[in-house]
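A quick write-up on the structure given underneath.
Read-outs throughout are calculated quantities, based only on the coordinates presented, and are distinct from any laboratory measurement. On a predicted model such as this, the values are computed, not experimentally measured, just so you know. Here Cβ is always computed from backbone atoms with ideal geometry, including for glycine, and neighbour counts include all displayed protein chains.
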Amino acid sequence: MVDEIDRKILNLLLHNGRITHEEIAKRLNFSRPAIHQRVAKLTEKGIISSYTAEINWEKLGFAIDAFILATVYTKDFNEMIDALLKLEHQDWIVLNVYRVTGKHCIMLRVKAKNAASISALHDQMLKFVGIVETYTMLVLQSRAVTYNELERIED
């Protein structure tokens, strides 16, 4: 699916989504058109799905990174997920909502300003019909994918 050169391209893009094809070509000792073609193929295959900015949430005042698990009784999980994604407040941001296995069948990834913000979010969630319990895990440390992880992807 991907070869060593593709993995190197992906690694460079992971570390800097704005890197030019010219710079990638220079670093990998390839021509710019060859890199352009490889990136186009990776995009066409859906391996590269988007280019996004990495936001420093702490600088925006959101010091807490947390996962909230919820026990939910509902017949329409998609409706519940859509409703949770729409939860908005100046003190928290819902980044992702996942449907997962286990006792807690919904998991949210949120950024919050402080503990009171997490408490207020819990209160809002428990007003939803079908959410019967929440459980919060605060992130103490996180690490992103690096080239070492990409090396494990087979050709």
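Assorted remarks:
- Lone qualifier among ILE81, ILE93 - being surrounded by 12 or more Cβ atoms within 10 Å (Cβ to Cβ), free of Cβ contacts under 8 Å to residues at least 40 places away in the same chain and outside any strand (DSSP E or B): ILE81
- With respect to the conditions (1) loosely packed, with under 12 Cβ neighbours inside 10 Å; (2) within 30 Å of VAL132 (Cα to Cα), LYS59 lacks only one, and its number is (2).
- Here the condition is being surrounded by 14 or more Cβ atoms within 10 Å (Cβ to Cβ) and either under 29 Å from ARG7 (Cα atoms) or among the small types (Gly, Ala, Ser) (or both); of ALA115, ALA40, ALA120, it holds for ALA120 alone.
- Some residue of segment 105-119 being in a helix (DSSP H, G or I), under 19 Å from VAL132 (Cβ atoms) and in contact with a strand residue (DSSP E or B) (Cβ under 8 Å, 6 or more places away or on another chain): yes
- Among the residues of segment 30-78, just one is among the aliphatic types (A, V, I, L, M), assigned to a helix (DSSP H, G or I) and closer than 24 Å to LEU140 by Cβ, namely LEU60.
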